[in-house]
Amino acid sequence: MSDGYAQDDEARRSAGPRWSEQGGVGPPERLGLTWLEIPFVPGAEVWVDILAVGQPTPTDPAPFTFVALDTRTPYTLDFAGTNGGEDVNCLLRWVNPTGEKGPWSETATATIGA
């Protein structure tokens, strides 16, 4: 992605998503997602993939579903109660001011509360 700023692809990948503790706020099927914000990059696409526990984390973004273009961290994801106990994987992809999409982040994985 050529956005004219001093951020390289590796920096964008390492600024990837992390699941945050909700501190008992909200239902157990609510997960918070945080990431390092990158200066001059207006937002990040949030993509998720839900799998049964024990299934391998996808190495290809193809099975992931687009959830949102978010401009601020944290981002809260609410899942159906029927997803309790399943693993959710998340990828981010930064979007620059001209709409160009950057590289995929590292995958963050968490278990949805039951």
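The values are calculated or read from the model by the stated rules, or taken from the named source; none is laboratory data. Note that the coordinates shown come from a computational prediction; the quantities given were computed from them, not determined experimentally. Don't worry about glycine lacking a Cβ; one is built from the backbone with ideal geometry, like all the others, and counts go over all protein chains shown.
Considering each of Thr59, Thr73 in turn, give the residue that is under 16 Å from the mean Cα position of the chain (by Cα) and modelled with pLDDT of 80 or more.
Thr59
What number of residues within the stretch 89-103 satisfy the criterion of being part of a strand (DSSP E or B) and either more than 25 Å from Gln55 (Cα to Cα) or under 10 Å from the mean Cα position of the chain (by Cα) (or both)? If you could, list the steps in order and put the result at the bottom.
Applying the first criterion (part of a strand (DSSP E or B)) to the stretch 89-103 yields 89-95, 101-103.
With either more than 25 Å from Gln55 (Cα to Cα) or under 10 Å from the mean Cα position of the chain (by Cα) (or both) added as a condition, the list becomes 89-95, 101-102.
Qualifying residue count, the stretch 89-103: 9.
Of the residues that sit in the stretch 78-105 and are among the β-branched types (Val, Ile, Thr) and more than 12 Å from Pro42 (Cβ to Cβ), which one is surrounded by the fewest Cβ atoms within 10 Å (Cβ to Cβ)? Once the filter is applied, the top-ranked residue is Thr82. Applying a threshold of 8 Å to beta carbon distances and a minimum spacing of six or more residues, or different chains, the list of pairs starting in the stretch 96-114 at a residue that is under 30 Å from Thr82 (Cβ atoms) and ending at one that is of a type in the set (D, E, K, R) and in a strand (DSSP E or B) reads Trp104/Arg93; Ser105/Arg93; Ala108/Arg18; Thr109/Asp87; Ala110/Asp87; Thr111/Asp87; Ile112/Asp87; Gly113/Arg30.
Answer yes or no as to whether Phe66 is among the hydrophobic types (A, V, I, L, M, F, W, C), in contact (Cβ under 8 Å) with a residue 12 or more places away in the chain and under 14 Å from Leu31 (Cβ atoms). It is false that Phe66 is among the hydrophobic types (A, V, I, L, M, F, W, C), in contact (Cβ under 8 Å) with a residue 12 or more places away in the chain and under 14 Å from Leu31 (Cβ atoms). Counting only residues that are exposed (fewer than 11 other Cβ atoms within 10 Å of the Cβ) and of a type in the set (Val, Ile, Thr), how many does the stretch 51-77 have? Of the residues in the stretch 51-77, 3 are exposed (fewer than 11 other Cβ atoms within 10 Å of the Cβ) and of a type in the set (Val, Ile, Thr).
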